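Structure record follows, encoded as structure tokens.
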Amino acid sequence: MVGAIARHRLLVGLCAFAFAVAGVLAGVARTGTYTAASTLQVGKVNPNSPGFYGFVQSASDLATTFSRAIDAAPVLAAVHTQLGLSVGQASARLSAEPIPSSPAFRVIAAGQSPAEAVRLANVTSEALIAYEAASNSYSPESQSLLNSYRAASLNLIRAEAKTKRATRKYDAFHDSARRSQLESAQASRAAASLQAQALASGYELNAQSATTRELISLLAGATTAVSDRRSKIELFGFIGLLGGCVIGCALAFLLEQRRGRSRSPQTTSNG
């Protein structure tokens, strides 16, 4: 086999060259894919904190967990709303990977152009931050306070309407009975207003305390994208070169076998 390749090395070299060129041309003809990445951070890093190293370890584990939310339905729905990509398209173009020994992870997006990849990475990062904030800021008291505030607002509206009616009646007839009704209506209105204000303040404080529990934030947004065009051209060229070598060696072996068979009758007749 080695002897056959050596004797037909020109054929092997030509096959390898031809298939390598074909592979390079196939890589050139292929549309390149661009990838962009943004970096998200878990929590707030303070190197001077006494528990910094423990925080980094626990945050690294959280980064791995949060990176898996890249395929969460609310995240993909937000991407669809802003970019028009279907769930399947967005999922195929997105991935996330935690940064080893770091409380951060990358959101990686692929696109047909640099701008498309950068836009997808940044939109997905924003959607992921919003999703995690909503997931981790839920408070069971918020809905109860909101419902109570709505009920108090309705009571205030009714109390104001009752006060207006009592005012009109008292303006028409200034007697003690109507004056007492007006004062009672005014007191009810004041109490309803105070209750509504208190509930509104309680709801606002609850909402503020909930939104401060955001666990991830944007560390570095995507600004540039990298193309895989050159690496694909090199890969296709190498595959073509390797395939050409194999085919050239096979042809050399077949030619050597054919030459051997053609010589066998001559050797027999001479004998």
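General remarks:
Residue-by-condition table, conditions (1) within 30 Å of Ala6 (Cβ to Cβ); (2) modelled with pLDDT of 70 or more; (3) of a type in the set (Ser, Thr, Tyr):
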site	(1), (2), (3)
Ala191	no, yes, no
Gln197	no, yes, no
Thr211	no, no, yes
Leu215	no, yes, no
Ala220	no, yes, no
Arg261	yes, no, no
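- Condition check for Ile247: in a helix (DSSP H, G or I) and modelled with pLDDT under 75: no
- Test for Leu194: is it over 30 Å from Thr65 (Cα atoms), in contact (Cβ under 8 Å) with a residue 60 or more places away in the chain and part of a helix (DSSP H, G or I): no
- Sole residue being at pLDDT 85 or above and of a type in the set (Val, Ile, Thr), chosen from Ile239, Ile233: Ile239
- Scanning the stretch 37-53 turns up one or more residues that are at pLDDT below 65 and charged (D, E, K, R).
The values are calculated or read from the model by the stated rules, or taken from the named source; none is laboratory data. This one's a predicted model, so the numbers in the text were calculated from it and none came from an experiment. In this analysis, Cβ positions are derived from the backbone assuming ideal geometry, glycine residues included, and neighbour counts consider all displayed protein chains.
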